[in-house]
Amino acid sequence: MAVPASLRALLTQAIDYAGMFPPCSLPLEPALQNHANYVRASEAWMLNGFVLPVEEFDATRQLLSDFDPLHPLRVAALGPKTANAHEFVAAVHGADAAICAFAKYDVDLVALSHFEMFLPPDVDSASLKVWSMVGGLPVFWEAPPERAEQAIALITRHNSDQDVATFGYKLRTGGVTADAFPTSVQIAPALVTAATHQLQIKFTAGLHHPIRQFRDEVKTKMHGFLNVLGAAVLAAEHQWDADQAVMMLEDEDPDSFSFTDDFFAWRDWRIDTERLQYRRKSVRSFGSCSFDEPRDDLRVLGFL
């Protein structure tokens, strides 16, 4: 069965493999071995980066034997979580040095996708400028949904002063306990605000399954990655308000979603495949500790 062009457009390089993080929590070596297998899979087109903390860069250099120039390790570099602006600035300087060294290690085996890091609440525009030393690497700053509008405004102001908008926003959409999952009402304003400011956005955690559903392992409803990615692109394309985005985020019916070569549709809302490819430049990817569950669920639903 051929993959519909619109599904391919929505999910191309959409999954950052985060096998080292909960609930999988694999050690570095088996996680890298998994990733080496995934980059050779028939669905490798869905795979983006391997989420790798900068403090693991040195250890990773010794574990590249499963990668080759045709199947390099594409890294989504993750900075440490800091509590305040002072710690943040110091950690960014350290991450910058580690990334520069790692990027030069073996250009045939290692590539850097982007950098992401938690943004403490007291960080201001001056603190963000410490990252300007690394040219050309996209950066995503994470803040919780309740600080989304504040963080997006800060990032947008920074980008407006630059020749190239290199900063985006990262939204956490779940975890391993029920209280780690923001509600659709919390997520929707972040999607709409990012779209309004034409700001790149990515997501992390809790998006293992295509469609929103209750999962016993976390005792709550998990957001679906088709709901979240779809709402992000449709909100941007059709200038949705938050209430409309909530409706899509809450939808648990797979039949509401349709993919053809010409368009992606949720209910009566459509986006042409060419426009979808364009909108995906701003809706980047989502982190998942599993690359198997998303593909398996898509097959069960008949989408893949």
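Over all orientations, the chain has a Cα convex hull whose mean projected area works out to 14.7 square nanometres.
Summed over the residues of region 192-274 and divided among them, the accessible surface reaches 43 Å² per residue at a probe radius of 1.4 Å.
For region 45-50, putting each phi into the Karplus relation 6.51 cos²θ - 1.76 cosθ + 1.60 with θ = phi - 60° gives couplings of 4, 7, 8, 10, x, 9 Hz, in residue order, rounded to whole numbers and with x for Gly and Pro.
Applying a 4.7 Å Cβ-Cβ cutoff to the chain, the cysteines left without a disulfide-compatible partner are 100. Pair-distance distribution of region 1-143: all C-alpha pairs, bin width 5 Å, starting at 0; shares per bin in whole percent are 2, 9, 19, 20, 18, 15, 10, 6, 2, 1, 0. Highest GNM mean-square fluctuation among 247, 46, 20, for the chain modelled with Cα contacts below 10 Å: 247. Using r as the Cβ-Cβ distance of residue 178 and residue 108, and R0 as 35 Å, what FRET efficiency do you calculate, to the nearest 0.05? Rounded to the nearest 0.05, the efficiency is 0.20. Taking a temperature of 20 °C and a viscosity of 1.002 mPa s, what whole-number D in µm²/s does Stokes-Einstein yield for region 73-126 with Rh from Kirkwood over alpha carbon pairs? Estimated diffusion coefficient is 177 µm²/s. Taking the empirical scaling 2.2 N^0.38 Å for compact globular proteins as reference, region 41-120 has a Cα radius of gyration ratio of 1.18.
Where only DSSP H runs of four or more residues are counted, the chain gives -10500 deg cm²/dmol as its mean residue ellipticity at 222 nm, each run worth -39500 (n - 2.57). Within the accessible surface of region 1-73, defined with a 1.4 Å probe on protein heavy atoms only, the carbon and sulfur portion equals 53 percent. The 3J(HN,Hα) values that the Karplus relation (6.51, -1.76, 1.60; θ = phi - 60°) gives for region 251-263 are, in residue order, 5, 10, 9, x, 5, 6, 10, 9, 10, 10, 5, 8, 7 Hz. Gly and Pro appear as x.
In this structure, the residue pairs whose Cα-Cα separation is over 25 Å, taken from 129/170; 170/221; 219/281, are 219/281.
The values are calculated or read from the model by the stated rules, or taken from the named source; none is laboratory data. Just so it is clear, the model here is predicted, and its values are computed rather than measured. Don't worry about glycine lacking a Cβ; one is built from the backbone with ideal geometry, like all the others, and counts go over all protein chains shown. We work out accessible area using only protein heavy atoms, side chains counted, and drop any ligands, DNA or RNA first. Shrake-Rupley method; radii C 1.70, N 1.55, O 1.52, S 1.80 Å.
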